[in-house]
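Here is the structure we will look at, set down as structure tokens.
Rule-based calculations on the coordinates, nothing more; no lab input. Small disclaimer: the values here were computed from a predicted structure and weren't measured. So basically every Cβ, Gly included, is an ideal-geometry build from the backbone, and we count neighbours across all protein chains shown.
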Ligand code: C2E
Ligand code: CA
Ligand code: CA
Ligand code: CA
């Protein structure tokens, strides 16, 4: 029994060792990826179903790995969050997204853009410096770049969060709550923050028509606080019609378009037209 116990321990130790090694390898790869420019943004249109035209796009980061190909953010954003690499990756996403939007505006593609801000990035003091810098650029398109933060970011020091959101709003950014309905925020606090948009999580869209009352509720809440609402992950015409009936007219999802590289999304935007 003693022997077996020791064996188990050894196996456990070496597994730990392997996991730790693999992690530090990924961490090393991520840092190298930043240096070598292996990250790129894809864009997914947000469509107004009343006009069937594009309102804005959401930028979604991708890792073009030299040997493993395209890696989705779900596989590396959590590691970036834990290791702090998110601060630098987040910086890249914000500057790259804003520069791309400015370029599009110059070319007459006058739409909005949403950029994801992770919880750790939101709490990082450097974030304010970065976005202040971006907002002071001569061509900064005021009021059309939206920062998406998840609901759980709103838990915590409410005064501090409200103050930070207010500063962002003052700089000319819009604020969206991402994955709404999946977090643990106190609903009473939602009205305390300057929110421009509520993004209804895909899980509710998947459960249509059963989830119709919940979606109506979120829509009413958004209206009450003066925010717009967007349905995420809309894949079918049935879902789109159901949402139209509820009065939720802004939708994002495979039904209209998957996230695509810049050139492809520009073609899709041209096909659909700009709202
Ligand atoms: P999210 O912000 O909720 O983004 C929506 C995700 O749903 C995207 O996955 C998108 O490709 C996917 N999606 C959109 N429409 C549909 C649909 O109709 N059906 C299905 N099945 N999926 C759909 P993606 O690009 O893999 O991103 C996953 C998550 O990674 C994002 O969720 C976001 O939390 C995070 N993320 C992505 N880019 C960034 C970034 O630049 N910064 C940060 N901090 N997080 C990011
Ligand atoms: Ca998002
Ligand atoms: Ca989301
Ligand atoms: Ca999500």
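Over all orientations, the stretch 134-209 has a Cα convex hull whose mean projected area works out to 5.9 square nanometres.
Sorting the segments 183-190, 61-68 by their residues' average number of neighbouring beta-carbon atoms within 10 angstrom, most packed first, yields 61-68, 183-190.
Packing order of peptides 168-174, 267-273, 226-232, highest average first: 226-232, 168-174, 267-273 (average count of other Cβ atoms within 10 Å over each peptide's residues).
Relative to the longest principal axis of the Cα atoms of the chain, the long axis of helix 158-171 lies at roughly 60 degrees. Ellipsoid semi-axes for the chain, based on the Cα gyration tensor and the rule √(5λ), read 34, 24, 21 Å when sorted largest first. Distance from the alpha carbon centroid of the stretch 26-68 to that of the stretch 145-188 works out to 22 angstrom. Principal-axis analysis of the Cα atoms of the chain puts helix 262-272 at an angle of about 30° to the longest axis. Convex hull volume of the C-alpha atoms in the stretch 102-148, normalised per residue: 71 Å³. Name the most mobile residue of 97, 84, 17, meaning the one with the largest mean-square fluctuation, in a Gaussian network model of the chain with Cα contacts below 10 Å. Among 97, 84, 17, the largest GNM mean-square fluctuation belongs to 17.
A simple spin-label model places the labels of residue 75 and residue 51 3.8 nm from each other, with each point 7 Å out along Cα-to-Cβ. The relative contact order of the stretch 177-266, computed from alpha carbon pairs under 8 Å that lie at least 6 residues apart in sequence, is 26 percent. Relative to the globular-protein estimate of 2.2 N^0.38 Å, the Cα radius of gyration of the stretch 83-214 stands at 1.11. Taking the DSSP beta bridges with both ends in the chain, the antiparallel portion is around 40 percent. Here the stretch 93-143 and the stretch 234-275 have alpha carbon centers that stand 23 Å from each other. Spin-label model, residue 40 to residue 163: label points 7 Å out along the Cα-to-beta-carbon direction sit 4.2 nm apart.
For the chain, the longest principal axis of the C-alpha atoms and the axis of helix 2-35 are separated by about 40°.
Only alpha carbons enter this Debye calculation for the stretch 188-275, each as an equal point scatterer, and the log10 of I(q)/I(0) it gives at q = 0.24, 0.26 Å⁻¹ is -1.15, -1.24.
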